[in-house]
1. Can Ala60 be described as within 30 Å of Met178 (Cβ to Cβ) and among the small types (Gly, Ala, Ser)?
2. Could you list all residues from the range 36-55 that are open to solvent by 30 Å² or more (accessible area, probe 1.4 Å) and either touching a Leu at 6+ places or on another chain (Cβ under 7 Å) or within 22 Å of Asp280 (Cα to Cα) (or both)?
3. Of all residues in the range 232-257, which are over 20 Å from Ser173 (Cα atoms) and hydrophobic (A, V, I, L, M, F, W, C)?
4. So which of Ser303, Ser270 ends up being among the hydroxyl-bearing types (Ser, Thr, Tyr), under 29 Å from Ala100 (Cα atoms) and open to solvent by less than 70 Å² (accessible area, probe 1.4 Å)?
5. With respect to the numbered conditions (1) closer than 24 Å to Leu146 by Cβ; (2) buried (at least 24 other Cβ atoms within 10 Å of the Cβ), which one is the sole condition not fulfilled by Val220?
6. Counting only residues that are open to solvent by less than 10 Å² (accessible area, probe 1.4 Å) and touching a Ser or Thr at 6+ places or on another chain (Cβ under 9 Å), give me the strands (runs of 3 or more DSSP E) lying completely in the range 82-177 with at least 2 of them.
7. Considering only the range 30-81, state which residues are closer than 21 Å to Gly20 by Cβ, among the aliphatic types (A, V, I, L, M) and either touching a Ser or Thr at 6+ places or on another chain (Cβ under 8 Å) or in a helix (DSSP H, G or I) (or both).
8. Scanning for something within 15 Å of Ala209 (Cβ to Cβ), of a type in the set (S, T, N, Q) and in contact (Cβ under 8 Å) with a residue 24 or more places away in the chain, does the range 302-311 turn up at least one residue?
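The values are calculated or read from the model by the stated rules, or taken from the named source; none is laboratory data. Note that the coordinates shown come from a computational prediction; the quantities given were computed from them, not determined experimentally. Neighbour counts run over all protein chains shown; Cβ positions are idealised from the backbone, glycine included. The accessibility values were calculated without ligands, DNA or RNA, using every heavy atom of the protein model including side chains. Shrake-Rupley method; radii C 1.70, N 1.55, O 1.52, S 1.80 Å.
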Amino acid sequence: MTSSSARRVLLAAPRGYCAGVDRAVIAVEKALEQYGAPIYVRHEIVHNKYVVQTLEKKGAIFVEQTAEVPEGSIVMFSAHGVAPTVHAEAAERNLATIDATCPLVTKVHKEAVRYAKDDYDILLIGHEGHEEVIGTSGEAPDHITLVDGPEDVANVTVRDESKVVWLSQTTLSVDETMETVDALKSKFPNLLSPPSDDICYATQNRQIAVKKLAEDAELVIVVGSKNSSNSIRMVEVALDAGAPAAHLVDFASEIDEAWLQGVTTVGLTSGASVPDVLVDGVLEWLAERGYGDVETVKTADESITFSLPKELRRDLRAEAAALGSK
């Protein structure tokens, strides 16, 4: 181990909650406060173990399928978005719904609908099975082909090479996505790009910050859950940017002290669905081991906020009861 006086932590800024996650978590809390427990949530509201467990203690019930929600109840859709078929399922079960889909994901959904209406083949860059990809694909299933990375491009076929556009999951690695886009453009020279980048501002900002950490840190710790796409990508980005080691942890207790062997500088950041309390826990853990010197590395300012779902301004219990009586 290095001498304690030389040890330091580089703390990324921005890190943690993005505007979409903040909106979704507050929406669950407000719904519980306004309507009382239980509030059912289809899938994890955001991909973070601590957040889900905290909301469960307050009265949220997380389910995988709409069919698990009792008729006449309130169900919230997660920040990752859902397909139109899910809205139809909720209506069939007389459920009052709160849509906490991140507005940036909603933007991609609307782009998919628009390009499908114009009869484009849509190449959706994303990871198979991710909730966001399932939701976006459901907007135009007959027009969307999933492209899961550059190695998948060789298998892609389209009906008309003059009418093809790419969209992407919002939480991907910017570099990997553009690598996929470049491969697609080589195959389809007329490939159209969406009006604006689909990868969200927060994902990009956190990846830029982790690249900066990787310049000086021998070890990068990313706080985030194993099912969080943007958190996983940050570990990959850190390694690609030259960090000798990078690891993903949910809690400080998951850090292996062996990772600190010979490490002078630790880079610390967190995924877009991670509350600061978890980062504070890691800072305390590191300070107890001599890494008490903390320097913030700021690469961007974030001031974006999103208004809460409009459904929180209505009496949903009454609406659910009315639906159930029909």
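1. Taking the combined requirement at face value, the residue does not satisfy it.
2. Lys49, Tyr50, Gln53, Thr54
3. Residues satisfying the conditions are Phe251, Ala252, Ile255.
4. From the options Ser303, Ser270, the qualifying one is Ser270.
5. Among (1) closer than 24 Å to Leu146 by Cβ; (2) buried (at least 24 other Cβ atoms within 10 Å of the Cβ), Val220 violates only (1).
6. Here the list reads 121-125, 164-168.
7. Ala31, Leu32, Val41, Ile45, Val46, Val51, Val52, Leu55, Ile74, Val75, Met76, Ala79
8. Looking through the range 302-311, none of the residues is within 15 Å of Ala209 (Cβ to Cβ), of a type in the set (S, T, N, Q) and in contact (Cβ under 8 Å) with a residue 24 or more places away in the chain.
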